[in-house]
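Remarks on the structure that follows.
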Amino acid sequence: MTYQPVIPFGGMAGWAFLQRTQEAQQEAFAQDPVIQNDTEYFLENIGNITSAEDLVGDYRLLKVALGAFGLDEDIGNKYFIQKVLEDGSLNADALANKLSDKRYLEMTIAFGFGDYPTPSTQLSDFGAKTVAAYNERQFEIAVGEQSTDLRLVMGLDRDLGTILDKTTTDAGKWFSIMGNTALRTVFETALGLPSSIGSLDLDLQLESFQDKAQTYFGETTVDQFADPEKMDELNRLYLARSQIATGTAAMSSGSIALTLLQNAYG
């Protein structure tokens, strides 16, 4: 891959720069020969796919399909992928509904292999929608190679938005956040919660997230983040705390090195 996103700063400064330049950078990224070859092949051939077996049998199509849902690393699990897609999503006992990673459920719903006689691959706009999602996710990965923090913030609107759209209880939405690695990282950092909280009983974890949300944002609910201002504040708090933690770690390492030098030459 020849195009690399330009990220000259970290923290809020980097996020502000990326927001200003993201559209132009994403367009340039989509023109990268590797990305373009993958997406053109997908657009030309996805209409020929009528089953999950067909999809997993074509590595290049499967690469884009999985990448569109952030599941790139699962491309070697072809039998599992086929089983999930063939089970569909309409039956409560379907495998996609049982998995804690809801990206598979999103993919299963999108393709529709196990739910309807005619899958979504036969729709005229399916290829374009999937390619757009793939390009977005791949750009995030490229950004993440330079800044994990910015990659997480980029995906926040989409991933949290999916949870906000759910017709479930507030506790259910918090559990969805807690079960999503990226979202959990953002919320734990922004709310000042230690990663060790994951070892606690789920109800105690829920109480901790809600209490901290009340402290920092004024409400205990997940739905409050539908407010763009609160979403922006969540971004700022996450980036600020993450940058402080990174700076503290760097200072600690420097202090250790200085101590060792002083002991050696003092």
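The values are calculated or read from the model by the stated rules, or taken from the named source; none is laboratory data. Bear in mind the structure is a predicted one, so any value in this text is a computation, not a measurement. FYI the Cβ positions are ideal-geometry reconstructions off the backbone, even for glycines, and counts take in every protein chain you see. When the accessible area is computed, the model is the full protein with side chains, heavy atoms only, and any ligands, DNA or RNA have been set aside. Shrake-Rupley method; radii C 1.70, N 1.55, O 1.52, S 1.80 Å.
With respect to the conditions (1) part of a helix (DSSP H, G or I); (2) within 30 Å of Glu23 (Cα to Cα); (3) without any contact (Cβ under 8 Å) to a residue 12 or more places away in the chain, Gln214 lacks only one, and its number is (2). The single condition from (1) at pLDDT 95 or above; (2) open to solvent by 70 Å² or more (accessible area, probe 1.4 Å) that Met107 fails is (2). Condition test on Lys230, is it in contact with a Leu (Cβ under 6 Å, 6 or more places away or on another chain) and at pLDDT 95 or above? No: the conditions fail for Lys230.
Residue pairs whose Cβ atoms lie under 9 Å apart, separated by 6 or more positions or on different chains, with the first residue in the stretch 137-150 and without any contact (Cβ under 8 Å) to a residue 24 or more places away in the chain and the second among the hydroxyl-bearing types (Ser, Thr, Tyr), are Thr148/Thr185; Thr148/Ser242.
Set side by side, the residues Ile197, Ile177 differ, and just one is surrounded by 14 or more Cβ atoms within 10 Å (Cβ to Cβ), without any contact (Cβ under 8 Å) to a residue 24 or more places away in the chain, closer than 27 Å to Glu233 by Cβ and not basic (Lys, Arg), which is Ile197.
Suppose we keep only residues that are under 17 Å from Lys78 (Cα atoms) and under 20 Å from the mean Cα position of the chain (by Cα) within the stretch 92-104. Which one would you say is most open to solvent (accessible area, probe 1.4 Å)? This residue is Arg103. Counting residues in the stretch 119-134 that are buried (at least 21 other Cβ atoms within 10 Å of the Cβ), hydrophobic (A, V, I, L, M, F, W, C), on the phi < 0 side of the Ramachandran plot and assigned to a loop (DSSP other than H, G, I, E, B) gives zero.
Only residues that are touching a Phe, Trp or Tyr at 6+ places or on another chain (Cβ under 7 Å) and without any contact (Cβ under 8 Å) to a residue 24 or more places away in the chain were counted across the stretch 29-64, and they come to 2. Does Ala92 satisfy the criteria of being under 28 Å from Met178 (Cα atoms), among the small types (Gly, Ala, Ser), part of a loop (DSSP other than H, G, I, E, B) and free of Cβ contacts under 8 Å to residues at least 60 places away in the same chain? Criteria met by Ala92. For the stretch 152-174, the set of residues classified as open to solvent by 50 Å² or more (accessible area, probe 1.4 Å) and either touching a residue at least 60 places away in the same chain (Cβ under 8 Å) or under 20 Å from Tyr216 (Cβ atoms) (or both) consists of Asp157, Thr162, listed by residue number. The single condition among (1) at pLDDT 95 or above; (2) closer than 22 Å to Leu152 by Cβ; (3) surrounded by 13 or more Cβ atoms within 10 Å (Cβ to Cβ); (4) not small (Gly, Ala, Ser) that Glu219 does not satisfy is (2). Among the residues of the stretch 65-87, those that are surrounded by fewer than 22 Cβ atoms within 10 Å (Cβ to Cβ), in a helix (DSSP H, G or I) and without any contact (Cβ under 8 Å) to a residue 60 or more places away in the chain comprise Glu73, Asp74, Lys78, Tyr79, Phe80, Gln82, Lys83, Glu86, Asp87. For the stretch 16-51, filtered to residues that are over 14 Å from Glu136 (Cβ atoms), among the β-branched types (Val, Ile, Thr) and in a helix (DSSP H, G or I), the residue that is least open to solvent (accessible area, probe 1.4 Å) is Ile46.
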